[in-house]
Structure formats: C-alpha cells, structure tokens
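To start, the structure under review is shown below, and the notes come after it.
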Amino acid sequence: MDDIVIIIPAYKPQKEIMMPFIKSVKEEFKHVVVVNDGCGQAYDSFFEEIERQDFIVLKHYVNLGKGRAIKTAFNYVLNNYPNIIGVVTADCDGQHALEDIKKCAQKLRENPDKLIVGCRNFNESQVPLKSRYGNKITIFTLSTFVGIKISDSQSGLRAFGKTIMEKFMQVSGERYEYETNMLISCKENNFQIAEVPISTIYIEGNTHSHFNPIKDSIVIYKIFIKYILSAISSFLLDIALFTIFVNVFPDFSINEIITKIVIATIIARIISSIYNFCINSKLVFKNNKTKKSLLKYFTLVIIQMFVSAFAVSELFKIIGINSTLIKLVVDTIIFIVNFVIQREWVFKK
C-alpha cells in the first residue's frame, strides 16, 4: 500500500521484538519511516541494518522525546510524499498488531479529516495496573477539564490525514505529553476523533515502556489550574478594589456609608469580572471572539448570582445549618459547573 506512510518512533527498542515487527509492516506498506530517537552508538548497527532493508531511517543525535520524533517524521513525510492520504504511527515494542495498523489505515482512507485512534480494552486481565489506572485517570481529566470523550488516551496507534498533520506540527510537546496535546488540539480546532477497536497486547507486562501515565498526563490539569488561579486573582482584585473605593470619600451618616458600600461593591465587581473575563478568554480557553463571548460571560455571571442566592436560601430553610457553610458548598459546585459552561459555551471556538 503506497497511499499511507507508517511512522515508527524508536528509543532503545528491544531489537528482537522490533525487527520482525517492522518487517511484517513493510510487507503490507510500501513506505515505512523509522525514527532513531537518540538511541546511542550501541544501536547504530541495528538501525543501519534496518536502513539496508529499504526502510527510511531518520536520526536524532540525542534523545529528544517521542513527540519530537513524531514531528520529525511528519516533517519528512509532508516534504517527500505529497500525494499520500496520511500516516499511521505505531510503537516499536510489539504492542500493535499488523491487522490493527491496517484497520486504522483503512479508517483513515474513509475519514481523512479525522484523528483516528486505535483503542484498547483496559478491562482485560493482562493490562498492567500502571497502564489501566493511568489511562482511567487521563480519560477522566480529559473528559472533565477538556470535554474530550475517548476510551484510550494513551494509544500510540493513531492515523492522521495531511491537514491534521500540518496542524499538529505546531502543537507543543516534545515527549509523551505531545500525544495528550494532540487530543486537546482536536478540541481547540474542532477535529473529530474516530476510534478503532484494537487488540490489547502487553509484552512482559509492558516493563520496557518509557511512559509515565501520571507525570505525562499532568498537562491536562494545567487548564483547570489556570482557571482556579484566574478565579483567585479576580477575587483578590475584587476585595482590593472594594477596599479602595469604600474609603475614597469620608462618610457623614449611616445612609452614606451604606450607599458607598453598595457603589463600591458594584464597581469592584464590574472591574474584577472584566479582568476575569480577559484572563479566561486569553489564557485559559484561548478564544478571541470577544464581543460575543463577553455577552455570554455576563449572562452567565447574572444567572450564577441568582442561582447561588436561591439555592442557599432554600437549602437554609430545609437544613437549617450555617448559611455560610451552605454557600461554600453551593458556590463550589457552581464554580465547577461554570468551568464546563465557559469551556463549552462562553469561550467555545
């Protein structure tokens, strides 16, 4: 098959596993690109043997990471194979069956504008605990904080059309986090994800994998952390502005004091809300449709205030405990719900 290029990044691979695997791939696909990701001199003869067998071998002088290896291969393919449909990336450790690679290639032919992901069944008994729970953590955080539904977030078996390849060349990430950033980029660029069920293969309990499911999934939390920091800084700004405004003029009567408090509260809240909107728009959700998003944002702020007031008062009537404690619980729930609404409606691209 010459309409699809197979990309295989490799870092210190098990030679007895990788060689028969890539040979079987070469029997089905005409173009196979292997990336030697700085494996060192001990592997030079191995990759030279691969090159003699009509594989394209790209070499990093030092280890730059899987993300950089994939980008290096993307760049080579886009420059040298202008007429292909796209590429399939597969790991070098024997986890991906040839039939599954062919399935992903066929799915790409049918859906060249989608990211194709080969998805394993993590409920099977042979799945190592590190991989099983690491994947579940990543699935949960992707779904909660990014809004991406996928059953195998860590799969290295993926297929990309040329348009998506070009876009993903600009996605940040040099190591395993790059594969997670691809999924986030799909959300940001409205690329659909198509799943292909594949075999669940782990050789020697996956002990040769260099992937750390917790460390390499932390990138997803950055979005929510930014959102929290934005909220905290907005709150501090609101308090600071209120303190300044309420002390600008001297007060002569109780009515003037109350009036000043109301005016200071309103002005401080307007300014802090605009600040919060700008931070969320530019840094958290990265959306530039300011006018439309601004209207949605303040609509949400007004609804949030009414919902909070209603919920706290009604729960106080029912439960009868401290109203501040009730408000703390209610506003925490609203805070999380607001994140999802801002992501999916206010700042949706």
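The values are calculated or read from the model by the stated rules, or taken from the named source; none is laboratory data. The structure displayed is predicted, hence computed values, not measured ones. Here the Cβ positions follow ideal geometry from the backbone for every residue, glycine too, while neighbour counts run over all protein chains shown.
Assess whether residue 44 counts as being surrounded by fewer than 19 Cβ atoms within 10 Å (Cβ to Cβ), on the phi > 0 side of the Ramachandran plot and either over 32 Å from the mean Cα position of the chain (by Cα) or not assigned by TED's automatic domain parsing to the domain that holds residue 79 (or both).
Details: surrounded by fewer than 19 Cβ atoms within 10 Å (Cβ to Cβ): yes; on the phi > 0 side of the Ramachandran plot: no; either over 32 Å from the mean Cα position of the chain (by Cα) or not assigned by TED's automatic domain parsing to the domain that holds residue 79 (or both): yes.
So residue 44 does not fit the description; no.
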- Failed condition for residue 78, given (1) over 26 Å from residue 191 (Cβ atoms); (2) among the aliphatic types (A, V, I, L, M); (3) surrounded by fewer than 17 Cβ atoms within 10 Å (Cβ to Cβ), with all others met? (1)
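Considering only residues of the stretch 49-74 that are basic (Lys, Arg) and buried (at least 21 other Cβ atoms within 10 Å of the Cβ), which is farthest from residue 156 (Cα to Cα)? First the steps, then the outcome.
Filtering the stretch 49-74 for residues basic (Lys, Arg) gives 52, 59, 66, 68, 71.
Subsequent filtering for residues that are buried (at least 21 other Cβ atoms within 10 Å of the Cβ) retains 66, 71.
Numbers: 66: 10, 71: 14 Å.
Going through the qualifying residues, I end up with 71.
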- Query: Under 8 Å by Cβ, and 6 or more places apart or on different chains, what pairs join a residue from the stretch 111-123 that is closer than 8 Å to residue 161 by Cβ with one that is hydroxyl-bearing (Ser, Thr, Tyr) and outside any strand (DSSP E or B)?
  - Reply: 112/163; 113/163
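Going by what's in this entry, would residue 220 be described as at pLDDT 70 or above and more than 19 Å from residue 89 (Cβ to Cβ)?
No; evaluated as a whole, the condition is false for this residue.
Pick out the one residue from 318, 303 that is under 28 Å from residue 278 (Cα atoms), assigned to a helix (DSSP H, G or I) and assigned by TED's automatic domain parsing to the domain that holds residue 269. Steps first, answer last, please.
Working: 318 fails: under 28 Å from residue 278 (Cα atoms).
After applying the criteria, what remains is 303.
Condition check ((1) within 24 Å of residue 103 (Cα to Cα); (2) of a type outside the set (A, V, I, L, M, F, W, C); (3) assigned to a strand (DSSP E or B)) across all residues:
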residue: 35; (1), (2), (3): yes, no, yes
residue: 42; (1), (2), (3): no, no, no
residue: 45; (1), (2), (3): no, yes, no
residue: 51; (1), (2), (3): no, yes, no
residue: 67; (1), (2), (3): yes, yes, no
- Message: Considering only residues that are assigned to a helix (DSSP H, G or I) and in contact with a Ser or Thr (Cβ under 9 Å, 6 or more places away or on another chain), which ones fall in the stretch 86-101?
- Response: 98, 99, 100
